[in-house]
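To start, the structure under review is shown below, and the notes come after it.
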Amino acid sequence: MKPRALSSSLRSWLLALLVCACGSTNDDAESPPAAESLLAPALRRLSVAELEQAARSVLGAPVNLRGSLPPDALQNDFSRNIAQSVDSLTLRQLYDATRSASEALPLDDPAYPRCAALAQPSDTSCSGELIGKLATLAFRRPPSTEELARLQALFAVGASGGTFRDGATLVLRALLASPQLLYESSLGEGPPQHGVRMLGQSELASALSFMISGTPPDAELLSAAAAGRLASGSERYGQAVRLLGGPQAIPQFQRFVEEWLGLGQLPQLAKSSTVTTDFAALSRAMQSETRSFVADVLAAQHGSLVALFAGGYSFVPDELAPLYGIQPVPAGSRVVLRGMGRVGILQQGSFLSVFAHEGESAPVLRGKAVLTRVLCRTIRPPQEFGIDLMFPAPDANATTRQRFERHAIDPVCKGCHAQLDPVGFSFENFDAVGRERSTDAAQAVDTRGSVTLNGAPLELKDSVELSDAIAQSEELRSCVARQVVRFASGRKDQPAEDAFVTEMAALPLAWRSSLLGLFLSYVKSDGFAWRVGQ
Amino acid sequence: MTRSPRISRRLALTALGASATLALTLPGQRSARAAEGRPKYFIGVYMPHGVSRELWLPRAGFDIAYPDSVLAPFADSATFGQSFREQILTIEGLDLSAGMAGGTVGHDGSRVLLTGSASNGRNASLDQFLALEQGLGEGMPLSSLVLGVGSPNPALGWCISYAQGGSALPKIIDPADTFQQAFAQWVVGADPAALAKAAAERKRGKSLLDYWRVELAALSARAPESERDKLEQHATALRDLERRLDGELSACTLPSAPDSATFPLVEAYQGGEPYFDTVTNLQVDLIAQALACGVTRVATLFLNDLSRTHLDPALPDDVHIDVAHRYESAGRDGQGGSPATWQALARQNRYTYSKIARLLQRLAERQLLQDTVLIALSDMGDPARHSSRQIPALVAGGWGGRLKAGRHVDLGETGTPNNRLLVSVQQAFGVASESFGQASDPAIVTGKLDLA
């Protein structure tokens, strides 16, 4: 059975580590951090998944928006990003979807004021109580007097000539598509000090909750915000650890890993019938494997990056067992795969299928994915050098490697392909769906490759050696730290990333080589809590 | 304020009657840009996988009907009711120069087609520019229709419509949704109770809009300048929603709701491919009818390919890899290349153009073609090289009398930015500016093509 939440013992361990997870946190609001490495204030439109959670929080029941809203526009690979907007189609779809959802408002639910189920439309006391509750949930903060008055006026329009429910429904519709719900605000509050401002308490609560669990802040977090406690990095850390015990934390980390590594493309892939006849079923199994594996890495391996890339095990669904050359195992059983060519997420079917063509392996795509996503290197597209791509022609007598080796002969192409191809070639023992193969074009596959890590060249026998080396590398740890900043802030900001990488370098190895450690450190950091002042 | 009489009720009756046309008085001109002597409608189409140049080029005398001609659908009067040879113009020699200068190349080049900008550009695409910034969408229930086939993915490489500020606009890929967005609200039925319910909903909608505007203004007042475009887009969406609530249609026959049973799946890689032909036809027909009914004056359509549709047994399952990547052009010097690969890519190209011919047919049937500017572009010239150079351009429609069609324009190999086509289009609509798009080199965004 795959874990659904992080255990209390793990959370106790994380809390115990607070003392060493110091970072450059400044709990003293009297001396704000320097502005140079801070993010600019921004409004982030929630992702579709977050909108569903936000609507659910207000309505008290699940709301399906994924089926009606346009999909997220990814930015820097993440669905959480400040480039997302409220365009006409999104608003029209939201208008239609929330209209039907609001009609299901369960006024007799204990979560709503007891008066609501039987109140008359003229009962402004009851409507005021209901509006206050709904607006607090929608805005993720206490509404102002003016905001309450506007909602009360809207209630009156809805209830006019109708029922209390009509008024409540109109208010609910207003809230579910309100700008205050749709955007996560990180503008900061109060006058700038030395050119910087701390986020408001409610902003901190939302930022923390959406980052750790993809949900709006719960009552305890809102309470901490109301008490002004979230200015403290240690308090934010403690709240984040608490949220890690919730049911949405593991799905949020699964989302982070899938988007970071591009694995969300899996359902949008087709594969040639020459490699598989039922990729739909296979891809579902691949997604399941990766999610179970990531959940285990978090819950049982303290979020270890070493385990993620070189743990040597996985959870293989029955549909995937033949592809991996193993016998089916009981659901949820850990399978040791080291010694079978697969040691971590880079040798899983999901990664190998996404970074492949429909009918054949793709060394350039695999090499590029490792270098750009896992090691955060920049590879410029060939057209920037005035080079038109030339795909290798099919050749039944040449291996994929041999065909691709030819295209890197050009001295201009070699500049990038000398980095890309040797990394991608190390995966040549896997076909377009990640099935291990020993021959290609009737010749033995050649998985030798090379990579430069931390400035040192390294010869590789195969991708297992690549994963083992990457798992231990400072480059990986720095890259994941950058990805955490991108995921959390919804943007790519070099100074902010550099600052966090520098902070992380001062932390113990076990801490900075853990997804949990990196997320918690960022929540605790000044970069999380402060913005450049306007 | 003087309001045109609402005609929803009568139109609804028409829709319920399925096919009868009501002759109603057309509302007066609602946009300064839709003026006499100017085109009134803009349609942008994305064409996948570049072009088989050898079979795309018209031959002497603008012969487009030679054997295996990619352009043959435009001369196929038997299928499309008439020949559109005199309503199209082909342009060779456009480069996606702003994309090449800014690293937005290959498949990502679709970003450049209507924006004339790389991925860091902040200007709106031409369709949105005309609709929102130049008033072509004024008075329309929808400022524009942004449609696609197969993929709702709003990522780079999957969109041609972009909002001011640079964010991609999502596409509607389900014809049932297109109908819902463009027509459904006018199909309210003749039943008084239904009409009263619709009127009540309209009133509630107006109250909600008022509320959201105040909330958005309050947020905008606190937001930094960097968020201005985003919030303005939100405000635009609210205005669009209001127009939809208030909307009035021209005299037209409302289409029937598409029968979803004929396209049970619509997404690529999710089993939708066998239904793409049906979906494409419906999207094309709905665009023409949306223009005819005054739902909008601006539309874009992101077409898909024949992969896994099994519509053309002469094509392999994967058109992208096994046709587009295998294409071996003879190039401009006409030497070498692989004629078999030309034929394969030409089949895909011809299919794409058959859908554009269908759109021209639908527009012509509704007497809209003369007032339409349609441009169909691909993100690549030679798809095997993922080349952003020499992209195929097809221009069609009457441009309100401002296009000299029935000919081929060869701009040579010097690299003429596609921005110049965009400038020509905006000038046809009365926008005086000599530039369109954003690039570090002003020469890329400045200048026009002489198409009149």
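No value in this document is a laboratory result; all are computed from the given coordinates. Not measured: the values here are computed from a predicted model. Ideal geometry is used to build each Cβ from the backbone, glycine not excepted, and the neighbour counts take in all protein chains shown.
A few comments on the model shown:
- Cut-off 13 Å between beta-carbons: net charge of the residues surrounding B:Phe436, Lys and Arg +1, Asp and Glu -1: -1
- Local electrostatic count, A:Asp108, Cβ distance below 11 Å [Lys/Arg +1, Asp/Glu -1]: +1
- Each of A:His302, A:Gly325, A:Ile379 was placed along the dipole of region A:254-471 (beta-carbon charges, centred on the mean Cα), and the one lying farthest toward the positive end is A:His302.
- Unit charges on C-beta of K, R, D, E only; dipole of region A:201-343, Debye: 260 debye
- Charge sum, other residues only, whose C-beta stays under 10 Å from B:Ala405's C-beta, Lys/Arg counted +1 and Asp/Glu -1: +2
- Amide H contacts of A:Gln84 (H built 1.01 Å from N, under 5 Å, at least 5 apart or other chain): A:Arg45
- Sites A:Gln152 and B:Ala218, calculated FRET efficiency, Cβ-Cβ separation with R0 22 Å, nearest 0.05: 0.85
- Close amide H pairs (under 5 Å, H built 1.01 Å from N) link A:Asp440 with A:Val445, residues at least 5 positions away or on another chain.
- Whole-number D in µm²/s for region A:254-471 (Stokes-Einstein; Kirkwood sum over Cα pairs; 4 °C, 1.567 mPa s): 73 µm²/s
- Taken along its principal axes, the alpha carbon cloud of region A:170-280 reaches lengths of 64, 40, 31 Å, longest axis first.
- Here's the picture: charge each Lys and Arg Cβ at +1 and each Asp and Glu Cβ at -1 in region A:42-186, and of A:Ser160, A:Cys126, A:Val63 the one pushed furthest to the positive end of that dipole is A:Val63.
- The share of C-alpha pairs in region B:138-216 whose separation exceeds 19 Å stands at 58 percent.
- Residue exposure proxy: B:Val214, B:Val112, ordered by other Cβ atoms within 10 angstrom of their Cβ from fewest to most, comes out as B:Val214, B:Val112.
- Any cysteine of chain B lacking a neighbouring Cys Cβ under 4.7 Å - listed by number: B:Cys159
- Theoretical FRET efficiency, 1/(1+(r/R0)^6), r = Cβ-Cβ of A:Thr277 and A:Ala456, R0 51 Å, to 0.05: 0.70
- For the pair B:Asp191 and A:His194, a Förster radius of 60 Å applied to the C-beta separation gives a FRET efficiency near 0.35, rounded to the nearest 0.05.
- Space enclosed by the convex hull of the alpha-carbon atoms of chain B, per residue, Å³: 149 Å³
- Between the amide H of B:Ala118 and those of B:Gln438, distances stay under 5 Å, these residues lying 5 or more places away or on another chain, with hydrogens modeled in the peptide plane.
- In chain B, the longest principal axis of the Cα atoms and the axis of helix B:419-428 are about 40 degrees apart.
- Dipole-positive endmost among B:Pro264, B:Ala199, B:Ala184 within chain B (Cβ charges, Cα centre): B:Ala199
- Remark: region A:428-444, residue by residue, has Karplus-estimated 3J(HN,Hα) of 5, 7, 10, 7, 5, 10, x, 7, 5, 9, 9, 10, 9, 6, 6, 10, 5 Hz, where x stands for each Gly or Pro and the curve is 6.51 cos²θ - 1.76 cosθ + 1.60 at θ = phi - 60°.
- Each Lys and Arg adds +1 at its Cβ and each Asp and Glu adds -1 at its Cβ; summed about the Cα centre, chain B shows a dipole of about 1520 debye.
- The charge dipole of the protein assembly as shown, taken about the Cα centre with unit charges on the Cβ atoms of Lys, Arg (+1) and Asp, Glu (-1), comes to about 1680 debye, rounded to the nearest 20.
- Over chain A, Cα pairs under 8 Å with separation of 6+ residues give a relative contact order of 21 percent.
- Cα centroid separation, region B:203-278 to region A:458-534 (Å): 39 Å
- Those aspartates and glutamates that a straight Cα-Cα span of less than 19 Å connects to A:Lys414, excepting residues fewer than 8 apart in one chain: A:Glu384, A:Asp388, A:Glu405, A:Glu459
- With kT/(6 pi eta Rh) evaluated at 10 °C and eta = 1.306 mPa s, and Rh the Kirkwood radius from Cα pairs, the protein assembly as shown diffuses with a coefficient of 53 µm²/s according to Stokes-Einstein.
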